[in-house]
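Quick notes on the structure that follows.
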Amino acid sequence: MSSVLHSPGSGQDPRIATHYRPISSHLAITPPVSVVIPAMNEAENLPYVFKSLPGWVHEVVLVDGNSTDDTVEVARSLWPDVKVVGQRGKGKGDALTAGFEACSGDIIVMVDADGSADGGEIVSYVSALVSGADFAKGSRFANGGGTDDMTFIRKLGNWALCTVVNRKFGARYTDLCYGYNAFWRHCLDKIDLDCTGFEVETLMNIRVVKAGLKVQEIPSHEYLRIHGTSNLRAVRDGLRVLKVILKERSNRRDLRRRTRNSPLLRTGQGEVS
Ligand SMILES: Nc1nc2c(ncn2[C@@H]2O[C@H](COP(=O)(O)OP(=O)(O)O)[C@@H](O)[C@H]2O)c(=O)[nH]1
Ligand SMILES: [Mg+2]
């Protein structure tokens, strides 16, 4: 559903129509929105995921992690226009990287395929982006957010890692390892993703703050995975996240050292924050 409106008083030639798409009773937008869904053996959960997606999204890109169930067939039957892409390697980070490359929208939303994310929240993410944010970062621990899916150990680990990121990178995040986020496509050039596993969200959250992008947290509720079990292993993946934090920290130190020693950068050209 899309309509053509003229912005009142814009002084624009009325013959140049801008296509606005209503996304709520209060908001109509022009940028096309792509939804990326990484899915590995999620056939049973996909009906819940697709049912909650708003009809106004421009495209849905499903990244299949070599599923051995009917994930791809079910996705195609539920959303006939779904763009199905494969991934080169393994892991959620690898899948998202492939999915982002395949997107044609200006806004990209990441949604898990396990039924834990409510597609009805997409409007809040998109509203934040069209209001000026570069990156709309879901948070289960911001006021109004919540989780039914995290164990005590996962909450503790996420809190500890989030605290380290806030201290080391000057961020003010309330959540770190959460898969529901949205951003303008241009952010991809600044964050240059190069990881394969569940550390992907942490890497994105660190690089957006390092790049000086405008980040807005969106309160989000994470529901229980409906069928199947999580692929995440708290200790193994927690250590991977920690490794990414330390690596990003040391890259930052190297960069500062290089800045101090480089005559070009010392004169203020190509400022490094
Ligand atoms: N394509 C793809 N998707 C994956 C992979 N690993 C996890 N996912 C998907 O990423 C989402 C989050 O994974 P999940 O196992 O629920 O982890 P959790 O949400 O952290 O407990 C789900 O939609 C998974 O199907 C992978 O290697 N490839
Ligand atoms: Mg999950």
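Summary table
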quantity: Index of the failed condition, Asp149 passing every other in (1) part of a loop (DSSP other than H, G, I, E, B); (2) within 13 Å of ligand 1 (Cβ to nearest atom); (3) free of Cβ contacts under 8 Å to residues at least 40 places away in the same chain; (4) not aliphatic (A, V, I, L, M); calculated: (3)
quantity: Test: Gly105 is within 16 Å of ligand 2 (Cβ to nearest atom) and not in a helix (DSSP H, G or I); calculated: no
quantity: Search result, residues across the stretch 100-128 that are over 29 Å from His26 (Cα atoms) and either in contact with a helix residue (DSSP H, G or I) (Cβ under 7 Å, 6 or more places away or on another chain) or crowded, with 23+ Cβ neighbours inside 10 Å (or both); calculated: Asp114
quantity: Positions within the stretch 160-183 being of a type in the set (Phe, Trp, Tyr) and within 16 Å of Ser220 (Cα to Cα), in sequence order; calculated: Tyr173, Tyr178, Tyr180, Phe183
quantity: Top-ranked residue in the stretch 17-60 [being within 11 Å of ligand 1 (Cβ to nearest atom) and among the β-branched types (Val, Ile, Thr); ranked as farthest from Gly86 (Cα to Cα)]; calculated: Val49
quantity: Neighbours by Cβ (under 9 Å, 6+ apart or cross-chain): first from the stretch 213-242, in contact (Cβ under 8 Å) with a residue 24 or more places away in the chain and among the acidic types (Asp, Glu); second surrounded by 17 or more Cβ atoms within 10 Å (Cβ to Cβ) and in a strand (DSSP E or B); calculated: Glu217/Ala136; Glu217/Lys137; Glu217/Gly138; Glu217/Ser139; Glu222/Gly138; Glu222/Thr147
quantity: Any hit, the stretch 173-184, residues being at positive phi and out of contact with any Lys or Arg (no Cβ under 7 Å at 6 or more places or on another chain); calculated: no
quantity: Conditions (1) at pLDDT 95 or above; (2) more than 21 Å from Lys155 (Cβ to Cβ); (3) more than 16 Å from ligand 2 (Cβ to nearest atom): number failed by His227; calculated: (3)
quantity: The one condition in (1) in a helix (DSSP H, G or I); (2) more than 20 Å from Thr229 (Cβ to Cβ) that Asp81 fails to fulfil; calculated: (1)
quantity: Leading residue by the ranking (farthest from ligand 2 (Cβ to nearest atom)) among those in the stretch 198-219 that are in a loop (DSSP other than H, G, I, E, B) and out of contact with any Lys or Arg (no Cβ under 6 Å at 6 or more places or on another chain); calculated: Gly212
quantity: Test: residue in the stretch 55-63 that is closer than 19 Å to Cys195 by Cα, acidic (Asp, Glu) and free of Cβ contacts under 8 Å to residues at least 60 places away in the same chain; calculated: no
quantity: Which listed residue, of Thr97, Thr68, Thr30, is surrounded by fewer than 16 Cβ atoms within 10 Å (Cβ to Cβ), within 27 Å of Val130 (Cβ to Cβ) and more than 16 Å from ligand 2 (Cβ to nearest atom); calculated: Thr30
quantity: Residue match in the stretch 13-22 (condition: touching a residue at least 24 places away in the same chain (Cβ under 8 Å), buried (at least 17 other Cβ atoms within 10 Å of the Cβ), farther than 27 Å from Arg225 by Cα and not small (Gly, Ala, Ser)); calculated: yes
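The values are calculated or read from the model by the stated rules, or taken from the named source; none is laboratory data. Since the structure is predicted, the reported quantities are computational estimates derived from the model, not experimental observations. All Cβ positions, glycine included, derive from the backbone under ideal geometry; neighbour counts span all protein chains shown.
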